[in-house]
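Read the structure below first, then the notes.
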Amino acid sequence: MNTPSDRALDRLRDVAQWPDLSGTRYELVGEVARGGMGVVYRARDRELERDVALKVIGAFAADEDTVARLRREARILARLEHPGIVPVHDVGVLPDGRVYYAMKLVSGKRLDELLAEGLPLRERLRLLLRVCEPVAFAHAHGVIHRDLKPENVMVGPFGEVLVMDWGVAKHVGEARGPLAASASAGAAPHATAHGTIVGTPAYMAPEQARGEVERVDARSDVYALGAILYFMLTGRAPGRGAASPDATTRTWAASRHAPAAAGIVAPRELDPDLPRPLEAICLEALALEPERRYPGAAELAADVSRFLEGERVLAFPESLLGRARRFASRHRTLLLVLLAYVVMRVVLLLVARV
Amino acid sequence: MNKPLVGLVVGGIVGAFDGLSALVSAPEVAPQIMGIIIGSTFKGVIVGLIAGFFARKVNSLPLGIAVGLAAGLLFAYLIAMQPDPATGKHYYWEIMLPGSLAGAIVGYATQKFGRRPGDARA
């Protein structure tokens, strides 16, 4: 337990790390969040008289790699102009030599916090579609996020969805580089023979967990989106809750084809009321082999949309009876009117014969 | 396919079937069945057009069904007012009930299917 003096010391340490914004157009307001690469502060832009978020490299983490990563993150964000991606306003160097970039200050709730409030299933799925949009946009521009998880999604007060933390994003074909440097959310980096592991274990695709950098592509993000869907459906992340990427690797390596065998409990085992097509979508996105997953976020979103529209889901082979049942539930009104018509004809026939 | 066209096609088909089904509920009309089918098809087409134009303006399944039903009922009533030339008998129930339900089906179809002006093309 922290004593008051410990807390005072922590506070002093935090304040000592606060960036020196003198000579910039920004005025520090307070700390917003802390990540592996740096700290996000709320700051006041004196020129434009608005609050912005400043991402500044941590005072004791300003090595060349981290600086390069922050600059690249800013460049990637600046290139990806999409309503679901936080816009970057400015990049610069502080008087103390730390690199920073200014971006839109996002208010709202994290997706995991919002889901904890217990949203209806259809609303949860609509949120997933909104998450898929910027990810699909990034994929179309050759960028892979590599660290998608509910904690990295913000939902604004008007329902706007923003995908955050592109610190470990990479351009397709970029096998190695400063972006591939460290894990996030407190997980320590775990180098392997193939490359460097980045991401969050519970949401990380098997190939990413194994450090197979050359195999990481849009389908790795699809896996993470599948894991978010799993979280939305069951309230927990898939897998056995591996504590480290290595543990995750071992779990997946044990069985390469059946998610259940690999430690992913099928969503309907946790909630039997979940629709089968939705479970099929989730498990297809979470397939161990990238080839068996949806090719991109857009295709995953399309299948979720089909489910929401009551259409046939590609991931779920449907029997004739299943199709008939789906048609009946989709066109209930029409069937009722047709039934009324037939009943009326029969009644008229009976009346005519009396 | 735009909504009035959907109404026209579905109205024509449903109207033709509605006319044909008269053979089931009133077999004695068999000699006049061709005239009934033609008249019912024409009625279906008109109801379909009304429901289709309504669907172009208003996006509401219950209202669409209600408009189709009302139009079907009205046109069926106009037909039912004409007595059977042979017997002088009126077939109000036999014409108006199926006519209104056929109109409801057409109203449903025009709300569910077809493109409104300004809808994105696939």
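The values are calculated or read from the model by the stated rules, or taken from the named source; none is laboratory data. These numbers come from a predicted model, not from an experiment. We place every Cβ from the backbone using ideal geometry, glycine too, and count neighbours over all the protein chains shown.
If you check residue A:327 against the conditions, is it at pLDDT 85 or above and either outside any helix (DSSP H, G or I) or within 14 Å of chain B (Cβ to nearest Cβ) (or both)?
On the way: at pLDDT 85 or above: yes; either outside any helix (DSSP H, G or I) or within 14 Å of chain B (Cβ to nearest Cβ) (or both): yes.
Yes, satisfied.
Write out, first by first residue and then by second, each pair whose Cβ atoms fall under 9 Å of each other, whose residues are 6+ apart or on separate chains, and whose first residue, in the stretch A:307-335, is within 23 Å of residue B:64 (Cα to Cα) while the second is β-branched (Val, Ile, Thr) and not in a loop (DSSP other than H, G, I, E, B).
As it stands, the answer is A:333/B:65; A:334/B:105, since those pairs meet every condition given.
Do you know which residues across the stretch A:113-125 are in a helix (DSSP H, G or I) and either over 13 Å from residue A:233 (Cα atoms) or assigned by TED's automatic domain parsing to the domain that holds residue A:45 (or both)?
Listed by number, the residues that qualify are A:113, A:114.
Every residue, every condition in (1) of a type in the set (Val, Ile, Thr); (2) in contact with a Gly (Cβ under 7 Å, 6 or more places away or on another chain); (3) over 17 Å from residue A:337 (Cα atoms), yes or no:
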{"residue": "B:54", "(1), (2), (3)": "no, yes, yes"}
{"residue": "B:69", "(1), (2), (3)": "no, yes, no"}
{"residue": "B:72", "(1), (2), (3)": "no, yes, no"}
{"residue": "B:85", "(1), (2), (3)": "no, no, yes"}
{"residue": "B:89", "(1), (2), (3)": "no, no, yes"}
{"residue": "B:97", "(1), (2), (3)": "no, no, no"}
{"residue": "B:100", "(1), (2), (3)": "no, yes, no"}
{"residue": "B:112", "(1), (2), (3)": "no, no, no"}
{"residue": "B:118", "(1), (2), (3)": "no, no, yes"}
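Given the conditions (1) under 15 Å from residue A:231 (Cβ atoms); (2) at pLDDT below 90; (3) of a type outside the set (Phe, Trp, Tyr), report the number of the one that residue A:113 does not fulfil.
(2)
Conditions: (1) farther than 28 Å from residue A:298 by Cβ; (2) in a loop (DSSP other than H, G, I, E, B); (3) modelled with pLDDT of 65 or more. Residue A:269 meets all but one. Number of the miss?
Of (1) farther than 28 Å from residue A:298 by Cβ; (2) in a loop (DSSP other than H, G, I, E, B); (3) modelled with pLDDT of 65 or more, only one is false for residue A:269: (2).
With the condition kept exactly as written, say whether any residue in the stretch B:73-91 is at the interface with chain A (Cβ under 10 Å from one of its Cβ atoms) and more than 23 Å from residue B:1 (Cβ to Cβ).
yes
Of everything in the stretch A:190-232, what is polar (S, T, N, Q) and either crowded, with 22+ Cβ neighbours inside 10 Å or at pLDDT 80 or above (or both)? Give them in sequence order.
Residues satisfying the conditions are A:200, A:208, A:220.
Need the failing condition index for residue A:348 against (1) surrounded by fewer than 18 Cβ atoms within 10 Å (Cβ to Cβ); (2) within 14 Å of another protein chain (Cβ to nearest Cβ), just the number.
Condition (1) is where residue A:348 drops out.
Show me the helices (runs of 4 or more DSSP H) entirely contained within the stretch B:1-106 in which 1 or more residues are over 16 Å from the mean Cα position of the chain (by Cα) and within 30 Å of residue B:118 (Cβ to Cβ).
Filter on the stretch B:1-106 gives B:33-57, B:61-80.
Just for the stretch B:19-48: of the residues that are of a type in the set (Gly, Ala, Ser) and farther than 15 Å from residue B:99 by Cβ, which one is nearest to the other protein chains (Cβ to nearest Cβ)?
For the stretch B:19-48, the residue satisfying everything is B:30.
Just for the stretch A:48-87: of the residues that are of a type outside the set (A, V, I, L, M, F, W, C), within 20 Å of residue A:30 (Cβ to Cβ) and part of a loop (DSSP other than H, G, I, E, B), which one is farthest from the chain's Cα centre (by Cα)? Break it down into steps so the answer makes sense when it comes.
From the stretch A:48-87, those of a type outside the set (A, V, I, L, M, F, W, C) are A:49-51, A:55, A:58, A:63-66, A:69, A:71-73, A:75, A:79, A:81-84, A:87; that's our starting set.
This time we only want the ones that are within 20 Å of residue A:30 (Cβ to Cβ), so: A:49-51, A:55, A:58.
Keeping just the survivors that are part of a loop (DSSP other than H, G, I, E, B) gives A:49, A:58.
Numbers: A:49: 32, A:58: 24 Å.
Checked the stretch A:48-87; the qualifying residue farthest from the chain's Cα centre (by Cα) is A:49.
Any chance the stretch B:99-116 includes a residue that's surrounded by fewer than 18 Cβ atoms within 10 Å (Cβ to Cβ) and either away from chain A (no Cβ under 11 Å) or free of Cβ contacts under 8 Å to residues at least 40 places away in the same chain (or both)?
Residues of the stretch B:99-116 surrounded by fewer than 18 Cβ atoms within 10 Å (Cβ to Cβ): B:112-113, B:115-116.
So of that shortlist, the ones also either away from chain A (no Cβ under 11 Å) or free of Cβ contacts under 8 Å to residues at least 40 places away in the same chain (or both) come out as B:115-116.
Yes - at least one qualifying residue is present in the stretch B:99-116.
Just give me the residues in the stretch A:72-109 being basic (Lys, Arg) and surrounded by fewer than 18 Cβ atoms within 10 Å (Cβ to Cβ), in sequence order.
If the condition is that a residue be basic (Lys, Arg) and surrounded by fewer than 18 Cβ atoms within 10 Å (Cβ to Cβ), then A:75, A:79, A:104, A:109 are the ones that fit.
Test residue A:162 against the criterion of being within 17 Å of residue A:230 (Cβ to Cβ) and either at pLDDT below 95 or of a type in the set (A, V, I, L, M) (or both), and give yes or no.
Taking the combined requirement at face value, the residue does not satisfy it.
Would you say residue A:307 is over 22 Å from the mean Cα position of the chain (by Cα), more than 11 Å from every other protein chain (Cβ to nearest Cβ) and not charged (D, E, K, R)?
no
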